[in-house]
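Working notes for the structure below.
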Amino acid sequence: MTSITLPIIKKQASIGTLVLLALAALGAFAALFRWVDGFDQVSSLSDSRPWGIWISFDLLVGVPISAGAFILAATVHIFHIEKYRPILRPALLTGFLGYLMVILALMVDLGQPQRIWHMLIYWNLHSPLFEVGMCVMTYTAVLLIEFSPPILEKLGWTGLLGFLKKISIPVVILGVTLSTMHQSSLGSLFLIVPLKMYPLWYTPLLPLIFLVSAISVGFGMVIFECALSHRFLGGHIRKDIFEGLSRGMLIALSVLLLIKLADLIAAGEMGLVFDGSFQSFMFLLENLIGIILPIAILLTPSLRTNTAWIFRAALLTVLGLILYRLNIGLVGMAGEPYFPQLLEVAVTVGVFSAGILAFGFAMKNLPLEEE
Amino acid sequence: MENEHTQKLSRREFLKLIGAAASGLLMAAATANPSFASSGEELPPEEHWAMLYDATKCSGCRECEVACKSYNKLSEEDVDDLSGNTFTLIKLYQSEDGSQKSFRKFQCMHCVEPACAASCPVSALHKIENGPVIYDSYKCIGCRYCMQACAFGAPRYDWSLAYPLIRKCEMCYHRENGPACAEICPKQALMFGKRGDLIEIAKARIAVNAGKYFEDRVYGEFEGGGTSILILSAVPFEAIGLPALDPKPLPDRTRWALNIVPAIFFGVGGAMAAVYRSSKKSDKEAEEKKA
Ligand code: SF4
Ligand code: SF4
Ligand code: SF4
């Protein structure tokens with residue numbers, strides 16, 4: 001049996017790798033096109049739609065789906081809940097790669113990408129984007145430090161390894177702090193557009209909603225990764241880890257639901273939710289898929305201990321967050337109709353494909369299992 | 001004044017904590033950056049350069065558009081909106097039955113508290129002390145947050161380029177006789193002067209012509225914290241595309257969130273440190289018990 005199944009698995013894996021490689025190459029081609037020929041060759045961006053999917057997806061989704069790293073780092077290193085240690089390194093790796101992907105996408109989106117470092121010398125403390133930029137840059141460095149032990153172990157650089165172990169706790173604390181700051185100020189970005197954003201989404205609580213939704217999806221992504229790496233790379237899922245993560249997700253989602261409901265009621269916008277407009281439809285969809293359904297699954301006694309259903313709840317949470325961020329960046333924003341061009345989507349898909357490839361490579365080549 | 005004070009305080013606090021947390025490099029960069037030095041004498045808004053556009057006097061001759069193009073060396077193009085090559089534009093608005101019509105001059109409004117400048121992460125856009133909101137193109141990273149933040153759609157881009165820069169009216173701030181568009185206007189529909197004086201002129205016109213102007217007020221006196229482009233119109237402001245901004249400046253909506261950043265930094269950081277200590281202690285106790 002084994003001699004038959006093994007080649008098949010290998011073949012499947014290599015087909016998957018080839019597809020990802022092709023997608024990454026297509027993305028690179030589209031990016032090159034934008035850098036050489038101009039924006040309108042590859043994107044539907046315009047003066048009335050200055051932010052398209054590269055911001056609404058790559059940045060607004062890319063940052064929260066990497067939130068698992070800071071949540072698990074805090075859980076293991078600060079709260080000393082040791083049972084999650086086996087999944088810490090993979091989560092740190094996804095986080096680190098996630099932020100690299102965000103920066104990569106920004107290099108395509110920015111009009112002057114070669115000046116991205118200008119934020120280090122020309123400050124503006126009144127700009128939420130400045131805060132986001134500084135935090136993302138610093139936090140990516142923090143993640144590199146947090147994640148470097150397996151690499152250093154592999155290289156045998158014990159001296160540096162020892163030093164990093166000594167400063168690890170302050171680094172983890174800095175990481176948690178920076179994450180709280182930029183996950184929320186990603187929402188603050190939109191506080192300045194009260195007239196442009198549809199009232200269902202515009203609220204002074206945007207930073208809080210962004211933070212809590214990032215935490216819920218951080219748990220969701222870790223569940224998702226655990227399940228996938230179990231499926232494709234073997235190993236066993238520890239049920240207690242899975243259930244613990246799902247409880248974290250349930251708490252975050254419930255808090256999110258309460259905040260959103262209270263905010264709608266306080267603003268007197270309940271009527272808008274059911275007025276049958278396109279916006280109301282998208283709003284309902286976002287909350288049904290991303291909050292209400294996963295909460296319902298995780299509250300149902302027969303489902304909440306079932307790993308397959310926990311996985312589904314996590315998947316829904318991630319989907320819901322994607323919808324929420326796209327609604328914020330595109331659906332809820334006033335402007336001409338926007339539909340991304342094929343090559344514009346190719347950049348986004350390419351960046352994610354490259355990220356998955358890098359993740360697979362690291363999983364195979366780095367000692368990610370910790371005793 | 002009070003606002004300014006609290007901002008400066010939070011600046012300093014923020015600097016301190018970033019310096020402590022990140023690195024000396026950032027600290028050095030910040031102190032070397034002139035935009036951190038206090039910006040000298042700031043004139044009060046009533047002393048700012050401003051323009052009064054009276055739509056009832058405008059004949060739609062578009063001389064201002066031509067003068068703007070020629071002074072700013074912009075190429076001709078056939079557009080119906082501001083663009084990377086068009087800093088000002090006269091549009092004609094007509095009610096459906098044609099009984100009411102009005103022109104409107106589009107351009108950057110040179111807000112008293114500009115959302116674009118508050119948003120720009122690298123301070124490329126900023127208000128100079130005599131009023132014009134100008135752009136240091138060499139700083140710009142092209143994030144286009146300014147375009148998103150501006151309620152008047154003033155900052156524009158040339159999307160056919162691979163490395164575009166923001167384009168908008170800078171009130172001809174380096175031109176000797178002030179704005180080229182105001183100088184050329186044959187009907188005096190466009191007047192250049194100090195913001196305080198122009199508001200008074202506008203109010204005098206309203207007083208003399210009771211009922212002529214929409215709601216007997218001038219747009220830009222209070223909207224979004226005030227603008228340096230003031231507009232008089234016979235038709236409702238919204239009918240000529242002027243957004244109904246309340247007097248609260250747009251940057252104020254972000255300010256509180258940024259002001260609590262130091263609190264978040266120390267609060268979350270401190271809480272994490274406290275949790276770490278107590279959980280470590282209880283770990284030790286548990287181990288001792290085992291032993
Ligand atoms: S109108 Fe827009 S671009 Fe001009 S100063 Fe105001 S916010 Fe800035
Ligand atoms: S596009 Fe340029 S000017 Fe506009 S906010 Fe970004 S960096 Fe500032
Ligand atoms: S002030 Fe100068 S740049 Fe602005 S619209 Fe008038 S002529 Fe053009």
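Derivation of every value follows stated rules applied to the coordinates shown; laboratory data play no part. What you see is a predicted model, and the numbers here were worked out from it, not measured in a lab. Because the Cβ atoms are built from the backbone with ideal geometry, glycine has one as well, and the counts that use them run over all protein chains shown.
If I build a Gaussian network model for chain A, linking alpha-carbon pairs within less than 10 angstrom, which residue out of A:201, A:309, A:157 has the largest mean-square fluctuation?
A:157
Give the Debye-formula value of log10 I(q)/I(0) at each listed q (0.09, 0.12 Å⁻¹), with one equal scatterer per alpha carbon of the protein assembly as shown, two decimals each.
Debye curve over Cα of the protein assembly as shown, log10 I(q)/I(0) at q = 0.09, 0.12 Å⁻¹: -0.82, -1.34.
Summarise the partner chain shielding of A:106-116 as one whole number: the mean count of Cβ atoms from other chains within 10 Å of each residue's Cβ.
5
Once you average over the residues of B:133-145, how many Cβ atoms of partner chains fall within 10 Å of each Cβ?
Per residue, the number of nearby Cβ atoms from other chains is 6 on average.
What's the FRET efficiency of residue B:80 with residue A:292 using the Cβ-Cβ distance as r and R₀ = 56 Å, to the nearest 0.05?
0.80
Which entries in B:57/B:91; B:57/B:187; B:168/B:248; B:69/B:91; B:91/B:187 show an alpha-carbon gap greater than 18 Å?
Too far apart for the 18 Å limit: B:168/B:248.
Give me the one-decimal nm value for the distance between modelled label points at residue B:204 and residue B:73, 7 Å along each residue's Cα-to-Cβ direction.
Label at residue B:204, label at residue B:73, 3.9 nm between them.
What are the ³J(HN,Hα) values, in whole Hz, obtained from phi via the Karplus relation 6.51 cos²θ - 1.76 cosθ + 1.60 with θ = phi - 60°, for each residue of the range B:55-68 in sequence order, with x given for Gly and Pro?
Calculated HN-Hα couplings, in order: 4, 6, 8, 6, 9, x, 6, 6, 4, 4, 4, 5, 4, 5 Hz.
Can you flag which of A:154/B:281; B:73/B:139; A:165/B:284; A:166/A:239 are past 24 Å Cα-Cα?
A:154/B:281; A:166/A:239
Counting alpha carbon pairs within less than 8 Å and at least 6 residues apart, what relative contact order, in whole percent, applies to the range B:222-291?
30
How do the peptides B:267-275, A:108-116 rank, highest first, by the average count of neighbouring beta carbon atoms within 10 Å per residue?
So the order, starting with the most tightly packed, is A:108-116, B:267-275.
Per residue of B:247-254, what is the mean number of Cβ atoms on other protein chains within 10 angstrom of that residue's Cβ?
Taking all residues of B:247-254 together, the mean is 4.
Taking R0 as 35 Å, what FRET efficiency do you get between residue B:283 and residue A:258 from their Cβ-Cβ distance, rounded to the nearest 0.05?
0.60
I'd like the Karplus ³J(HN,Hα) series for the range A:345-361: coefficients 6.51, -1.76, 1.60, θ = phi - 60°, whole numbers in Hz, and an x wherever there's a Gly or Pro.
After applying 6.51 cos²θ - 1.76 cosθ + 1.60, I find 5, 4, 4, 4, 5, x, 4, 5, 4, 4, x, 5, 4, 4, 4, x, 4 Hz.
Would you mind giving the average projected area, over all directions, of the Cα convex hull of the range A:234-273 in nm² with one decimal?
4.0
Could the peptides B:223-232, A:341-350 be put in order, highest first, of the mean number of other beta-carbon atoms found within 10 Å of their residues?
Peptide ranking by packing, descending: B:223-232, A:341-350.
Once phi is turned into ³J(HN,Hα) by the Karplus curve 6.51 cos²θ - 1.76 cosθ + 1.60 with θ = phi - 60°, what whole-Hz value does each residue of the range A:55-67 show in order, with x for glycine and proline?
Coupling constants for the range A:55-67: 8, 5, 9, 4, 8, 6, 9, x, 5, x, 6, 9, 6 Hz.
Along the charge dipole of the protein assembly as shown, which of A:329, B:234, A:164 sits closest to the positive end, that is, farthest toward it, with unit charges on the beta carbon of Lys, Arg, Asp and Glu (+1, +1, -1, -1)?
The one lying farthest along the dipole's positive direction is A:164.
From a point 7 Å beyond the Cα of residue A:267 in the direction of its Cβ, which residues of the range B:245-284 have a backbone N at a distance under 20 Å?
The answer is B:245-258.
For residue A:79 and residue A:37, calculate 0.36 nm times their separation in residues minus their Cα-Cα distance, and state this gained length in nm to one decimal.
Gain in length upon complete extension: 10.0 nm.
Name the long-range amide H neighbours of residue A:112: under 5 Å, sequence gap of 5 or more, or other chain; modelled H, no Pro or chain starts.
Result for residue A:112 returns B:142.
Can you bin every Cα-Cα distance in chain B into 5 Å intervals starting at zero and give me the percent of pairs per bin, rounded to whole numbers?
Taking all Cα pairs of chain B, the binned fractions are 1, 5, 10, 13, 15, 14, 11, 8, 6, 4, 3, 3, 2, 2, 1, 1, 1, 0, 0, 0 percent.
For every helix of n ≥ 4 consecutive DSSP H residues, a contribution of -39,500 (n - 2.57) applies; sum these over chain A, divide by its total residues, and give [θ] at 222 nm rounded to the nearest 500 deg cm²/dmol.
That comes out to -22500 deg cm²/dmol.
How much of the pair distance distribution for chain A lies past 36 Å, counting alpha-carbon pairs only, in percent?
Cα-Cα pairs in chain A separated by more than 36 Å: 23 percent.
Is any residue of the range B:77-95 close enough, with backbone N under 15 Å, to a label point placed 7 angstrom from the Cα of residue B:101 along the Cα-Cβ axis, and if so, which?
Counting backbone N atoms under 15 Å from the label point, the list is B:90-95.
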